[in-house]
Amino acid sequence: MQIHVVKSKIHRVTVTGADLNYIGSITIDEDLMEAANLIEGEKVQIVNINNGERFETYTIKGNRKSGEITLNGPAARRVQKGDVIIIIAYGILGIEEAKVFKPALVFPNEENNLLT
């Protein structure tokens, strides 16, 4: 049997933009993506703390050290600039592997930058 487990999480980042006229996705500062072990094009779940919305999209690399978190395309209708969100990616593992797996958890500061 295999189960879905949290692989990566960027906890409590602030939305810096919402671009309805873009094709789709979420643009994430590349430093945050690397710290969370996310790759470009990976499916992620977005949880909006401000309004309770939950939806899925895929990742696009943003500029390093920019703090960018921009929801693009239809997802832009589910957030507003300034909303606080959680970005989660899941993996599929066997039960024994899942018991010892450690996800990449990232807790950025209020400017969406990595804490040093």
Quiz item: Listed residues Glu40, Glu56; which is at pLDDT 95 or above, under 14 Å from Ile87 (Cα atoms), assigned to a loop (DSSP other than H, G, I, E, B) and touching a strand residue (DSSP E or B) at 6+ places or on another chain (Cβ under 7 Å)?
Solution: Glu40
Quiz item: When only residues in the stretch 56-70 that are free of Cβ contacts under 8 Å to residues at least 40 places away in the same chain and basic (Lys, Arg) count, which is nearest to Lys9 (Cα to Cα)?
Solution: Lys61
Exercise. Answer yes or no: is there a residue in the stretch 66-82 that is part of a strand (DSSP E or B), closer than 24 Å to Asn21 by Cα and among the aliphatic types (A, V, I, L, M).
Key: yes
Practice problem: Confirm whether Ile49 is touching a strand residue (DSSP E or B) at 6+ places or on another chain (Cβ under 9 Å), loosely packed, with under 15 Cβ neighbours inside 10 Å, hydrophobic (A, V, I, L, M, F, W, C) and under 22 Å from Leu115 (Cβ atoms). | Solution: yes
Practice problem: Tell me which residues, restricted to the stretch 79-111, are crowded, with 16+ Cβ neighbours inside 10 Å and touching a Leu at 6+ places or on another chain (Cβ under 7 Å). | Solution: Val79, Ala89, Val106, Pro108
Quiz item: Residues Ile85, Ile39, Ile23: which one is among the β-branched types (Val, Ile, Thr), touching a residue at least 12 places away in the same chain (Cβ under 8 Å) and under 15 Å from Pro108 (Cβ atoms)?
Solution: Ile85
Exercise. Determine if the stretch 7-30 includes at least one residue that is in contact with a Lys or Arg (Cβ under 6 Å, 6 or more places away or on another chain), buried (at least 16 other Cβ atoms within 10 Å of the Cβ) and closer than 17 Å to Ala89 by Cα.
Key: yes
Quiz prompt | Test result for Lys61, closer than 24 Å to Val5 by Cα, basic (Lys, Arg) and assigned to a strand (DSSP E or B) | solution = yes
Quiz prompt | Among (1) at positive phi; (2) in a strand (DSSP E or B) - the single one Ile28 does not satisfy | solution = (1)
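The values are calculated or read from the model by the stated rules, or taken from the named source; none is laboratory data. Treat the numbers as computed from the prediction; the structure is a model and nothing was measured. Neighbour counts run over all protein chains shown; Cβ positions are idealised from the backbone, glycine included.
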